[in-house]
Amino acid sequence: MNLARLLKDPVFRTVGAAADSLGRPCYVVGGYVRDLIIGRHSKDIDFVTVGSGIELAEAVAAGMGRRRCHVNIFRSYGTAQIKRGALELEFVGARRESYSRDSRNPIVESGTLEEDIARRDFTINAMALSVNAATFGELVDLYGGVKDIEARTIRTPLDPDITFSDDPLRMMRAVRFASQLQFQIAPATFDAICRNASRIEIITIERIKDELCKIMRSPRPSVGLDLLHRSGLLPLIFPELEAMAGISVVHGRGHKDNFYHTLQVVDTVAAASDNEWLRWAALLHDIGKPATKRYDERTGWTFHNHNFIGAKMVPRIFSRLRLGMGENMRYVQKLVELHMRPIALVEDEVTDSAVRRLINYAEDDLDDLMILARADITSKNEEKKQRFLDNFDLVERKYEYIRTLDAERARRNPIDGNEIMHIFGLSPSPAVGMLAAGLKQAIKDCEIDDTREASLAFLIDLAARNGIPVVNPPAMEEEKEEEKPEDGA
Ligand code: CTP
């Protein structure tokens, strides 16, 4: 098969010419070839040559004109990298590589293209495309990668036990590709993941985290999460999530499977938003359930305070998975804690003050909280589900209304800074700002009416509490009577 028509960027001809000048074969390999065939966009291009990758990179750079690109050389890995616009070109010599059982450090020796390809993870990643002028675009597909792309299958080129024992992270990569590309893992490959799952323990948490995050960013994260569970990888990398799987039954009464409920919530959120941290909030919203699960003869299964316990678990999970302890963690924690508020609100009565309290708790994250709360309604009873969703519509209409009302109130300012300075004999200073901001907030929070009279009373009281006396008592204008529409009578 010749795929020259897909190699449109002139960089491929440039690299091919440099390889020809050294008299060496050179191929594009791995993920770039896979994505080219699938039609996905990819910016990292890996080139393999037989011989030194560093020498080839230097020849390529010379061909491009050295001033236009910089070669980063990693001698200990025998690799070199050139950045060119948005593209990242990586050069490496073909290798024969095997890993010792107890170490992540490969034993690397130079090899042929065939040996290099055989040691790769999956058939879809084990194809090479020639860039030498004489064979430009010719595909080397020794393990049926094109066929597997067509069949949407993830399969190892060699015996899967060997491929996974060479690098156990590949078990997670298989799951990640299945989730990302919506492919199936071939049964023999999947069985090998189940057999070798415990080997994941030699992999660093950072590499595991990267794959987990890619699963969470995939179109339907449930595909990957379910495969992690079914293969036995999940208890090793994310025991808190695994603990949610299963149903307990007492006196014939069971609760729903919280793991599969969670997967459904994550997928619904993923369909509604690309915000990866909102997806993490969905993944963790019920994480406190196993720890709070109780059976009560009268009420059946309960998970009291699972939102609070769950929120408390978030920092530990983020820290262990190296997900960062900053703003994103706090956002996830907040949504986990608040995820039941909207539902509690619609179970009661959707009053203005209840909606206002929700706005105050959730602040800028209210829209995200509503996406999560809606996704959390996974009841199979369509009528019940619709009733909740209709009530959420009502909440959203109300909070839109309250938001506009508040914005209007905040804009209307019965007493401005100049008048504050006059009344209290102040020159421009932080005290003026404090009084003005206090008044604005009180109006916004509906603590006082937005009339001149109420504002003056509030300001005088606030000033007095801060030891600021009234210097020029304000003239109390008569409140203008509100204009009434003429009724024509
Ligand atoms: N590879 C491998 N085993 C690994 C990692 C990578 O065999 N544990 C090989 C595969 O051939 C892969 C190539 O190295 O295609 C490049 O790896 P990488 O850039 O990590 O992955 P991609 O396949 O390009 O996919 P992505 O960029 O989505 O991670």
Length-normalised contact order of the range 82-204, Cα under 8 Å, at least 6 apart, in percent, tallies to 20
For the chain, dividing by residue count, accessible area per residue (probe 1.4 Å) in Å² works out to 51
With 0.36 nm assigned to each residue of separation and the Cα-Cα distance removed, Glu297 to Ile162 gains 43.3 nm
For the chain the mean separation of alpha carbon contacts under 8 Å (6+ apart) over residue count, i.e. relative contact order in percent, is 8
For the chain, whose charge dipole is built from +1 on Lys and Arg Cβ atoms and -1 on Asp and Glu Cβ atoms, the candidate among Ala270, Leu435, Ala133 with its Cα farthest towards the positive end is Ala133
Of all stretches in the chain that avoid GluC sites (Glu not before Pro) placed in a DSSP loop and having at most 16 other Cβ atoms within 10 Å, the longest is 1-296
Over the chain, the sum of -39500 (n - 2.57) across DSSP H runs of at least four, divided by residue number and rounded to 500 deg cm²/dmol, gives at 222 nm -15500 deg cm²/dmol
Restricting to lysines and to Cα separations under 22 Å from Lys289, and discarding same-chain partners fewer than 8 apart, the set is Lys256, Lys312, Lys334, Lys380, Lys385
Of the candidates Asn2, Gly53, Ala18, the farthest towards the positive dipole end of the range 1-60 (Lys/Arg Cβ +1, Asp/Glu Cβ -1, centred on the Cα centre) is Asn2
Taking alpha-carbon centroids only, the range 123-182 lies from the range 427-460 a number of Å equal to 67
Taking r as the C-beta separation of Thr14 and Arg320 and R0 as 45 Å, the FRET efficiency to the nearest 0.05 is 0.50
FRET efficiency for Lys312 and Asp367 from the Cβ-Cβ distance with R0 = 35 Å, rounded to 0.05, comes out at 0.90
In whole Hz, the Karplus estimates of ³J(HN,Hα) for the range 375-390 (6.51, -1.76, 1.60; θ = phi - 60°; x where Gly or Pro) are 5, 6, 7, 10, 4, 7, 7, 4, 5, 5, 4, 5, 4, 4, 5, 4
In debye to the nearest 20, the charge dipole size for the range 140-273, taken about the Cα centre with +1 at each Lys and Arg Cβ and -1 at each Asp and Glu Cβ, equals 340
Per the 1/(1 + (r/R0)^6) rule, R0 = 30 Å and r from the Cβ atoms of Met1 and Ser42, FRET efficiency to 0.05 is 0.95
With +1 at each Lys and Arg Cβ and -1 at each Asp and Glu Cβ, the charge dipole magnitude of the range 39-87 around its Cα centre, to the nearest 20 debye, comes out at 300
Dividing the alpha-carbon radius of gyration of the range 269-333 by 2.2 N^0.38 Å, where N counts its residues, gives 1.29
Computed over the Cα atoms of the chain, the Rg and Dmax in Å are 31.6, 101
Distance in nm between Ser198 and Thr135 label points, each 7 Å along Cα→Cβ, equals 4.4
Partner lysines whose C-alpha sits under 23 Å from that of Lys8, ignoring same-chain residues fewer than 8 away, are Lys43, Lys83
Excluding ligands, DNA and RNA, the carbon-plus-sulfur percentage of the accessible area of the range 285-324 with a 1.4 Å probe reads 52
Length gained if Glu453 through Leu405 is fully extended, taking 0.36 nm per residue and subtracting the Cα-Cα distance, is 15.2 nm
In nm, the gap between the two label points placed 7 Å beyond Cα toward Cβ at Arg152 and Val249 is 3.4
To the nearest 10 degrees, the tilt of helix 327-338 (Cα long axis) against the first principal axis of the alpha carbons of the chain is 60
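The values are calculated or read from the model by the stated rules, or taken from the named source; none is laboratory data. The model shown is predicted, which means the values in this text are computed figures rather than measured ones. Cβ sites come from the backbone with ideal geometry, for glycine too, and all protein chains shown count toward neighbours. These accessible areas exclude ligands, DNA and RNA; they are computed on the full protein's heavy atoms, side chains included. Shrake-Rupley method; radii C 1.70, N 1.55, O 1.52, S 1.80 Å.
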